[in-house]
Amino acid sequence: MTSRTALEPEPEPRPPARRLPRFRAAGTAASRFLAARPWLTRAVRTTGAAVIAWVLVRFIPGPWSEYPYYAPLGAVIATSVTVRGTTRRSVQAVVAIALGAVIARVTDAVDLPGVAGIAVVVLAGVLLSGWRLLGDMGSWVPTAALFVLILGNSDPVGYISAYVGLTLFGALVGVGVNLLIPPLPLTPAERSLDRLRTATAEHLDALAAAVRDDDEPVPADGALRTARAAASAAVADAQEAARGNWTARHYRSWRQRQDKHAASLDAAAVVALDVRRAVATARTVADAGATPPEEREVHVPILARAGDQERADAVREGTARAIEAGAALVRALRPDGPGAGTEDAEAADRAAADLAQALDDLQEAVAADRATADGATRPADGVVVALTPLLTG
């Protein structure tokens, strides 16, 4: 082992481990965590707006300093999920409180007895709270009227001006916080769409089971309709949040993909509902004349008896397979664009090809059986019509 000579340079110290990638990874994980839980970010924004309003109101001189708590109240009332929503709620809240103050002052001027005055204030406030322009802030009309009537007797002008003015001040703080850190709930909308895709595919699978086995009930459509409504609301919230949002332009491609994906899944849900209608109708009317009314919803064959039972069974199985192929295609639906993988696209293409083949096979089975079907009502034709839009969506 040779020793280092005096002329050799000292070895350079090893550079410290870079921590920046770790910080970035932690920041990304935190962003994803918060994006999936919009109520947490809303709670943080609301809390921040209330604290800022409370701190700033201390610098306001005059009689308003006696009612500083109305500033954070205004911030809490005004804070909403979207930038436009915050502004709208702020205006609605201030108008509602002002109306309540007017009702209280008019009632107080009439000099009604205590119980009668409260009754008039509450009645008028509740009636005005249903005014469409006030939205969900209408409930503040009777609340503000009671506050002004009961608490504002000693200094009505100062109290009303502080109540309305400081609520407006706090609302403006809430608007400012939302403008600075605007929400854009794209991740919650994405998850709602995932739940809609799952509900649609499971609904189709249950329908296929009902076609294949007469003992299987036709599934109810309540869960699918609920998932569809939730997904529609979530996507609408994301679209609303993008308006007036300075960060929305950075997510333009994501928003466009999400809107297109939402339209595809909504169309798929409509297809599933149409398939259910065809299957349920066939279950209800098949052999209706031979089945007692009290048993028709319990055990009625999907396919009426035909002249050739083998061909009828082929139609039954072909119908079930076509519905199952539709479910597989729904499960393969994914947003396209840069975020989509090649495997997802290939899986969707394969599922579409399988559905097209299943529909062709079903149509051939129906054509072969039609001559001996004795005019029986069967879901096959309706299923073909209902599933076809999945291939063109």
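General observations
- In nm, spacing of pseudo-spin labels at GLN239 and THR143 (7 Å Cα→C-beta vector): 3.0
- Once the convex hull of all Cα atoms in the range 119-196 is built, its volume per residue stands at 141 Å³.
- Maximal additional length on extending the THR388-ALA230 stretch stands at 54.4 nm, based on 0.36 nm per residue less the C-alpha distance.
- Stretched out straight at 0.36 nm per residue, the stretch from VAL126 to ARG249 would grow longer than its current Cα-Cα span by 40.1 nm.
- Gyration tensor verdict on the range 145-293 (Cα atoms; rounded if a/c is under 1.5, prolate if a/b is larger than b/c, oblate otherwise): oblate
- The residues neighbouring ARG84, those whose beta-carbon lies less than 10 Å from its own, together hold a net charge of +2 under the Lys/Arg +1, Asp/Glu -1 convention.
- Per residue accessible area of the range 131-252, 1.4 Å probe, in Å²: 46
- Tensor-based shape of the range 35-105 (alpha-carbon gyration tensor, a/c under 1.5 rounded, otherwise prolate or oblate): oblate
The values are calculated or read from the model by the stated rules, or taken from the named source; none is laboratory data. These numbers were taken from a predicted model, which means no experiment stands behind them. We place every Cβ from the backbone using ideal geometry, glycine too, and count neighbours over all the protein chains shown. Accessible surface is based on the protein model in full, side chains and every heavy atom, while ligands, DNA and RNA are left aside. Shrake-Rupley method; radii C 1.70, N 1.55, O 1.52, S 1.80 Å.
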